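*Asks:* Sharing a structure below in C-alpha cells format, with a few things to ask.
Every number in this text was worked out from the coordinates using simple rules, so none of it is lab data. Since this is a predicted model, take the numbers as computed values, not measurements. When we count neighbours, we look across all protein chains shown, and the Cβ atoms used for this are built from the backbone with ideal geometry, even at glycine.
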Amino acid sequence: MEGRLWRPLSRMVEANKHIFVKHFLCLMRSMTSAQCQQTAVDWYNKGLALYYQGKHDEAIKAYDEAIMLDPNYADAWYNKGGALYAQGKYDDAIKAFDKAIELNPDYTMTWNNKGCALVLLGKYDEAIQACNKSIELDSNNAYAWDSKGEALRRQGKYKEAIQALDKTIELDLNLADAWNNKSEALKALGRTTESNAAFAKAKELGYTG
C-alpha cells in the first residue's frame, strides 16, 4: 500500500495560535497602521475559516486580500501555500512557502511543508534538504522527520528511511502516517513480520490510506 504524506493543513490550527498576538501588537502601532493590520488579520482569519469549510479557492482569495494589505504577512503566505497544497497545486504552493520563508526563515513548519510538496513532485533531494532545514530549526519536529523518511523511502533508501521514521515515532508515538511509512520501508526490505506489525499500529491509530 502506497505511503501517505502528512497533510500540513490538518495540524495548522496549533501553528496559528500566535495570530492573537498580532491583535495586541496592532495596538502598539499608530492608529492608521493598526487599522490596516487589523484588516489584514480579518482577511487572514476569514481565509482560515474558508479553508476548514473546504472552500480552498475562496480561502486563497482571502489570503491574497491579506497579502495585498500587508505584503510582509508571512502567516498569510504560509497558509496560502497550504491551501494551494490542498488543491494539488504543488508548484504554486512552493512559491508561497518560499515567500513565507523569505519573510520568516526560522519557522520550521514552512520548511517541512515545502518538503512535503517537493516529495509529491518527485524532487526528493530538494525535499530532503528542506526537511533537514526544518529539523535544524527544531530537531523535535516529528513531522519533518516523517517527511524526510517518506522522501528517503521513495528514493529506495529504505534503511535510512526507517532511521528517520523511528525518530518520528520516538517523538510522536501516535503519528499514524509514520507507522505506515515505516511499514512500507520494512516491506521493501522483506521484513514482513515487522512490516505487518507497523501497519497494524498505523491502523490502530486511525490510518485509512
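*Asks:* For Lys167, go through the aspartates and glutamates and keep the ones whose alpha-carbon is under 12 Å away, minus same-chain ones fewer than eight residues off.
*Replies:* Result set, ordered by chain and number: Asp146.
*Asks:* Which ordering of Met109, Met68 is given by a fewest-first count of other beta-carbon atoms within 10 Å?
*Replies:* Taking fewest neighbouring Cβ atoms as first place, the list is Met68, Met109.
*Asks:* Another one. Any idea how far apart Glu170 and Asp42 come out in nm if each label point goes 7 Å out from Cα toward Cβ?
*Replies:* Result: 4.9 nm between the two label points.
*Asks:* With the cut-off at 31 Å, tell me which of the pairs Lys61/Lys203; Lys80/Lys159; Lys133/Lys201; Lys114/Lys182; Lys61/Lys157; Lys55/Lys203 have Cα atoms farther apart than that.
*Replies:* Pairs exceeding 31 Å: Lys61/Lys203; Lys80/Lys159; Lys61/Lys157.
*Asks:* As a footprinting exposure proxy, order Lys95, Lys80 by other Cβ within 10 Å, with the fewest listed first.
*Replies:* Fewest to most other Cβ atoms nearby, the residues stand as Lys95, Lys80.
*Asks:* Sort Thr192, Thr108, Thr39, Thr168 by Cβ crowding within 10 Å, fewest neighbours at the top.
*Replies:* By the 10 Å Cβ count, ascending, the order reads Thr192, Thr39, Thr108, Thr168.
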